[in-house]
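A short worksheet on the structure shown next.
Bear in mind that the values in this text are calculations on the coordinates, not laboratory data. This one's a predicted model, so the numbers in the text were calculated from it and none came from an experiment. Note that each Cβ is placed from the backbone with ideal geometry, even for glycine, and that neighbours are counted across all protein chains shown.
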Amino acid sequence: MDNMVNIAARLWIIPLFSGPDDNAGFVFAELKRYQSAMDHLNTEPPETNTRAINAPNVIIALIALIIGIHAGLGLLSEQAFFELFVRFSFIPARYSPELNFPGSPYSQWISPVSYALLHGDWVHVLTNSIWMLAFGSALAWRFGTARFLLFSALCAIAGAGAHFLAYPGSQIPTIGASAAISGHMAAVGRFAFSSGGPLTRSPLQRKSSDFMQPAEPISLLLRNRSALVFIGIWFAVNLLFGLTGAGFGGQDVRIAWEAHLGGFLAGLLLFPLLDPVARKR
C-alpha cells in the first residue's frame, strides 16, 4: 500500500515540474516499478495462523459455558443443585404420564439439548473440551456459528433419542456433550482427513481453505486409517466412562455412552444437509 501511495504521489507531482517528453518516460518507468512491486507481493508466502488457541469463537464460548455451568452448580446448595440438575438433564422416564418430574412440561422440550451442557466431573469436562477443540473447531470453521450450533443441537437430540430407545423407562439423569461431539467427529471425518484437509497440517500451517475441502463419501471415510483411529479412541475413552459410571455431585447419574452412537449416526446423515461446500462426485 505504501508503494502505491508513493507512486501515485510521484505520478501527480513530478509532471508539474517536467516537460512533456520527460513526463512520458517518467510515467513508463514508474509503472514498471509498480508492476515489479506487485509481482513481489504476489510471490510472498501466505500468512500462517499464529494464534495460541486456533479455535473459532463459538468453540471457545461453548467450552467456557460448560466450565462455568459445572463450576456454578458446585456452588449451589444440595436442594438447589438437585432441582436444577433434574430440570436440565435428560431423563427418559420424564416422558411417562404417570411420573411428575420437576420442570415439566417445559423440561421435556429443552432437556434433550440442555443435558449436553452438564458433565459428571472435571475429568469429563476436560475430556469433552479437548475433543471439541479438535473436531468441533474444524467443523465450526466450515459451517459458521449458526449452522454449527444447529448441527450440534440436532446431534445432541439424536443422542438423547437413541438413549431413550435403549432405556425408555429409566429415571437416571443422562448428561454430557459426548453425543454432540460424536456428531462433530462423524462430520469432520468426511473432509478433514482428506488430502489438504485441516487435520493433515500442523495448527500453524492451516489456511482457511483447508476447512472447505469437499466432503469424502462415507465409503472413503471407512477406509481412512487416521479417521478410524481417532474414532476408535473416542469411543474407547467414552466407553470407559460409561462402564465406570462416574458420578456428579453425589447423585446417581449416568454418563450415557449409548447416546454416542446416536450422535455419530446423526452427524453422518445430517452433515450433507447443512454442509455449505459442494461434495465430491
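Values for this structure:
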quantity	calculated
Prolate/oblate/rounded label for segment 57-274 (Cα gyration tensor, a/c 1.5)	prolate
Two-site label geometry, residue 67 and residue 278: point separation in nm, points 7 Å out along Cα→Cβ	4.2
